[in-house]
Amino acid sequence: MMKNRDNRLTLYLLIPVLLVLIAYVLYPSVRTILESFHKDGGLTFGNYQDFFTQESKTNLQALWNSVYISVLSVLVSAAIGIPLAFIFNRFDFPGRGFFATAAIMPIVLPSLVGVMAFMFLYGETGLVPNAIKDLFGLDEVPFKIGGVSGILIVHAYTMYVYFYMTVSSAINKIDPSLEESAYNLGASRFQVFWKVTFPLLTPAIVAASLLVFMISMASFSAPFLLAGGFRVLSLQIYFSKINGDMEVAATQSVILSIVSISFLLFMRWYQNRKDYRMASKGIGAHRSEVNNPLLKWTMVATGVIGVIILLLPHFTILLLSLVPDGTWTWQTYPSVFNFENYRLLLQDPNIFKPLKNSLILSFIATAGNLVFGVLASYVLVKRKFVGKSFVDILVMIPWALPATVIGMNLIFAFNEPNIFSFGNILVGTFWILPLAYFIRHIPLVVRSTNAVLEQLDDSIEEASRSLGAKWFYTFRKVILPIIMPGVLSGTLLAFVESVGEFPTSVLLYTISNRPISIEIMNQLRMFNMGQAAAYGMIQITLIAVVLLISNRFFGVKAEQSLS
Amino acid sequence: MASIKIENVQKAFGKVIAVDHLNLEIKDGEFFTFLGPSGCGKTTTLRMIAGFYYPTKGMVRFGDKDMTRVPPEKRNTGMVFQNYALFPHMTVFENVAFGLRVRKIGSKEVKTRVHDVLRKVRLEQYADRQVSQLSGGQQQRVALARALVIEPEILLLDEPLSNLDAKLRDEMRSEILRLQKEYKITTIYVTHDQAEALSMSDRIAVFNFGVCHQVGTPSEIYNEPANDFVASFIGEINLLPVKVDQLDESRITVSAIENPDMNKFVVHNTPFNFSQSAQEGELALSIRPESIRILTEKADRPNVFKGKVEDVQFFGTIILVKVRVNGLLLEVNLLNHVSANLKPGADVWVEMPEDQIRLIPMLSGDAS
């Protein structure tokens, strides 16, 4: 009886959200699980038995490699990210602000483009090893990356940012009076760090570690281009699918997902267990100025070198994009530079097509994300209903699942007609890619919208209603305009991520709607580095523009929604 | 404008009962205050009147209309929220115009009505400002203007002054009263601040633990509290658990539970001195600190006891003196006189006038 009208409204809003989640998140996952129990026409654990007892031990080895690489990635990323966070947030020296901003530059590089840059920089024919060889008159290149070391370096480069950002924000949230009171009680600098500061940072460090572990378990682009004979599980799924061993691919997907999801659950449990939120509000950052000139200029010099290393990949892509194809064959260094690649990109319809495809596909997916994200987030944050945590978990599943697994889920779910595809087979059609991009970015958009909605006091909505506005009017005229900046920044980020999306694209694309990332891969195979780099530059520019817009116009640190 | 009737209302959230057995009648044009500590059910009741909660049991009427389950947007109430709830993406003008635009009123009339009300709250020159550029007191007045401009039948104010500093609070208090008198609008004011309640209201309802303990004018509430909760929540009071020894037509004799042989009191038997609801159950003797007299020598009147000064605190207008009498600690307020020069340890005589004492029921488990 009571609150009937409101309950009905909640139901109307909840039904579409739940339908989408069940149709495109839950059902595909269940299909994959079912598929993994299929063997020789029956339902068995046979595939899992094979996975663990297979004589060649390929799969077991791949699982072990994935874990091993991920653990190393966490350690290396932490070793770079945590000290940087400390230096940039606790000390003041010339150029600090600039270095602090430059430190997040790796996120401007889409994964595939980043890997490509690293190949050109540090690979067998890379610019850096060859430059050193020529400089010192060596017979052979002094080093080259590839296999485990290559993957690890790329991971460290892209993933230390997660440590850097989470630890930075934790450091800035520490109330300076906590440390001051420790000093006041007679603790030494060393004791204050290890007994007060560091323990307060452990939740952030653990969270970043788990995040990096999950991301590198799921990592696809780096192993895809650099692994050589080295096998990791995310790549094995792709190979099984290419070879047509669908049941094996399903089994591998389930096992990879189990590892990822257990880490997600562990992370949630840990975060709920340890809550070090500070009681005091409005804490001013306090940085100690570095006065020792030697130390100060060492820091500046290290900063400059660091920035060069960080920006070298971006610069390489820019440089390569200016080298016309066919002018850099046997030479060690490119010699001709012009805008030929960009001209072709705009004028040759064949070269322009993938860019256009990506933009269209991503636009459709992101429009879906916007509508769904706002609806889902509103229901989750502002409405009460039974089973909210279930919906919450469904929303987070695409975040926990490796992209490769999401791709496989879609293949198993939509390579046959069913009600969720309105009786169509979606695999092999135009619609499968927008769907994949949409699913991949559900968590990002919902979470960034949650953040703004949680800030919005309930009384704003109540005020509007007591002034006579109906719910829908309130939603349109009051709630939407207030949350729009936050929503848009999340959505724009989803858009650029979709444009660069590689793992699901490579599993699901068709020739006629191949996106930019697939074309980059094709161009690389044909050794058209210039053209590939020009595509890469477009992506880098898009991401940079979006981050800039978000920071400037929406006042939102968009990069924070990435973690 | 309308009267409000709340009949037998109960509101439960799951197993927690926030408001129970509530019956109130608020008259047309009255300034009515819900007073009580936090979590007492006063805001819940206000939100049932606004339509944000529907009662679990009972009825809410405006005039003769049953409003129990009418959604908030159809109630024509103006509400001012504790945090003002101004729309941050709109200017002052747009905020105030919102309710009129929802009602599809022509833009010309919107303009005149918004400017009228902004003039009344003295914010005309701020019409085009963003609300974030205003001070707390100005935001408060925008919120008031926004609620008043729709010409609501009832004005609801939810702790509107709690976010302002002390000086602004005094200013806004008279501002709200001025507007309320000007619009002659039925107003419900929720607060936990007894000074606000006493100084502003026509009548007050005192809440605790979801129950309304007393409804009355400020002086009734203060001078004739219905029970020990009301007595101790509003103002300072001395409460002594007592039992009746003797009762005749003009006088009642009671003795304290503690040290009954020495602590015997005589009280007038009038409705003022002997609360109607105190005929059975546990009793307390109550007397305000300002009603107790301190004498320098023994007087031959009832209720005069010898005591020793334990503590003297100087507050400016008044001086608080704590006197130990036969094991009981009494608080006495004296008006500040240069001559009043009491020191701790001094022997004094204390008089509790028999017409100033009030016997009230003690709520079980809530003895203070």
* Structure fact -> Amide H neighbours of B:THR91 at under 5 Å, excluding residues fewer than 5 places away on the same chain, with H built from the backbone geometry, are none
* So what's region B:4-223 giving for Cα Rg divided by 2.2 N^0.38 Å, two decimals? -> 1.01
* Asked: What average count of beta carbons from other chains do you get within 10 Å of the Cβ of residues in B:139-148?
  -> 1
* Tabulate in residue order the Karplus-calculated ³J(HN,Hα) for region A:376-385, using 6.51 cos²θ - 1.76 cosθ + 1.60 with θ = phi - 60°, rounded to whole Hz; enter x for Gly and Pro. => 4, 5, 4, 4, 5, 8, 9, 10, 9, 7
* **Interchain or long-range residues, amide H under 5 Å from B:TYR54's placed H** => A:LYS3
* Asked: Peptides B:239-245, A:251-257, A:405-411: what's the order by average Cβ count within 10 Å, highest mean first?
  -> A:405-411, A:251-257, B:239-245
* So what is the 222 nm mean residue ellipticity for chain B from helices alone, if each DSSP H run of at least 4 adds -39500 (n - 2.57) and you divide by all residues, rounding to the nearest 500 deg cm²/dmol? -> -7000 deg cm²/dmol
* How many percent of all Cα-Cα pairs in region B:228-361 sit more than 21 Å apart? -> 40 percent
* To do: Return the whole-Å distance between the Cα centroid of region A:178-192 and the Cα centroid of region A:42-120.
  => 35 Å
* Structure fact -> Percent antiparallel among DSSP beta bridges confined to region B:4-223, rounded to 5, stands at 55 percent
* Asked: Kirkwood hydrodynamic radius for region A:317-426: how many Å is it when counted over pairs of different Cα atoms?
  -> 18.8 Å
* To do: Could you list A:ARG525, B:ARG141, B:ARG146 in order of exposure, starting from the residue whose Cβ has the fewest other Cβ atoms within 10 Å?
  => A:ARG525, B:ARG141, B:ARG146
* Pop a pseudo-label 7 angstrom from the Cα along the beta-carbon direction at both A:PHE239 and A:VAL386 and give the gap in nm to one decimal. => 5.0 nm
* **FRET efficiency, 1/(1 + (r/R0)^6) with R0 45 Å, evaluated for A:LEU548 and A:LEU11 via beta carbons** => 0.65
* **Ranked B:ARG47, B:ARG119, criterion: other C-beta atoms within 10 Å, fewest first** => B:ARG119, B:ARG47
* May I ask you to give the average projected area over all directions of the convex hull of the Cα atoms of region A:406-563, in nm² rounded to one decimal? => 12.0 nm²
* Ignore the peptide's own chain and count Cβ atoms of other chains within 10 Å of each Cβ in B:82-91; give me the average, rounded. => 5
* Structure fact -> Residue-normalised 222 nm signal for chain A, counting each DSSP H run of n ≥ 4 as -39,500 (n - 2.57), nearest 500 deg cm²/dmol, is -23000 deg cm²/dmol
* Asked: Across 20 Å bins from 0, what is the distribution of all Cα-Cα pair distances for the protein assembly as shown, in whole percents?
  -> 11, 31, 29, 19, 8, 1, 0
* Structure fact -> Here region A:420-430 yields Karplus 3J(HN,Hα) values (6.51, -1.76, 1.60; θ = phi - 60°; whole Hz; Gly and Pro given as x) of 6, 9, 6, x, 10, 8, 8, 4, x, 10, 4
* Asked: For peptide B:45-52, how many partner chain Cβ atoms fall within 10 Å of a residue's Cβ, on average?
  -> 2
* Pull out the extension gain between A:THR202 and A:LYS470, defined as 0.36 nm times the separation in residues minus the alpha carbon to alpha carbon distance; nm, one decimal. => 91.8 nm
* Structure fact -> HN-Hα couplings for region A:481-493 via Karplus (6.51, -1.76, 1.60; θ = phi - 60°), in whole Hz with x for Gly/Pro, come out as x, 6, 8, 3, x, x, 5, 5, 5, x, 5, 4, 5
* Distance between Cα centroids, region B:3-27 to region A:136-153: provide it in whole Å. => 78 Å
* **Contour minus Cα-Cα distance for A:ASP139 and A:TYR183 (0.36 nm per residue)** => 10.1 nm
* So how do A:442-451, A:344-353 stack up, highest first, on mean other-Cβ count within 10 Å? -> A:442-451, A:344-353
* To do: Compute the separation of the alpha-carbon centres of region B:298-314 and region A:353-412 and state it in Å as a whole number.
  => 77 Å
* Structure fact -> For region A:202-255, the Cα-Cα pair-distance distribution in 10 Å bins from 0, as whole percents, is 23, 41, 25, 10, 1
* To do: Within 10 Å, count the other beta carbons around each residue, average over each peptide in A:489-502, A:34-47, and list them highest first.
  => A:489-502, A:34-47
* Asked: Where q = 0.09, 0.11, 0.12 Å⁻¹, what log10 of I(q)/I(0) comes from the Debye formula for chain B, counting one point per Cα?
  -> -0.63, -0.85, -0.94
* Structure fact -> Non-local residues with an amide H under 5 Å from the amide H of A:ILE145, with H modelled 1.01 Å from N and Pro and chain starts lacking one, are A:GLY123, A:GLU124
* Asked: Relative to the present Cα-Cα distance, how much length would full extension add between A:GLU124 and A:THR101 at 0.36 nm per residue of separation?
  -> 5.1 nm
* Asked: In the protein assembly as shown, what % of DSSP beta bridges are antiparallel (nearest 5)?
  -> 75 percent
* Mean Cα-pair separation over length for region A:297-422, i.e. relative contact order, pairs under 8 Å, 6 or more apart, % -> 10 percent
* **Computed label-point distance, nm, for sites B:GLU310 and A:GLU416 using a 7 Å Cα→Cβ extension** => 8.5 nm
* Assuming R0 = 30 Å, what is the FRET efficiency of B:LYS27 and B:ASN163, from their Cβ-Cβ distance, to the nearest 0.05? -> 0.55
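A short reminder: the numbers here are calculations on the coordinates, not readings from a lab. Treat the numbers as computed from the prediction; the structure is a model and nothing was measured. Positions of Cβ are generated from backbone atoms using ideal geometry, with glycine treated the same way; all protein chains shown enter the neighbour counts.
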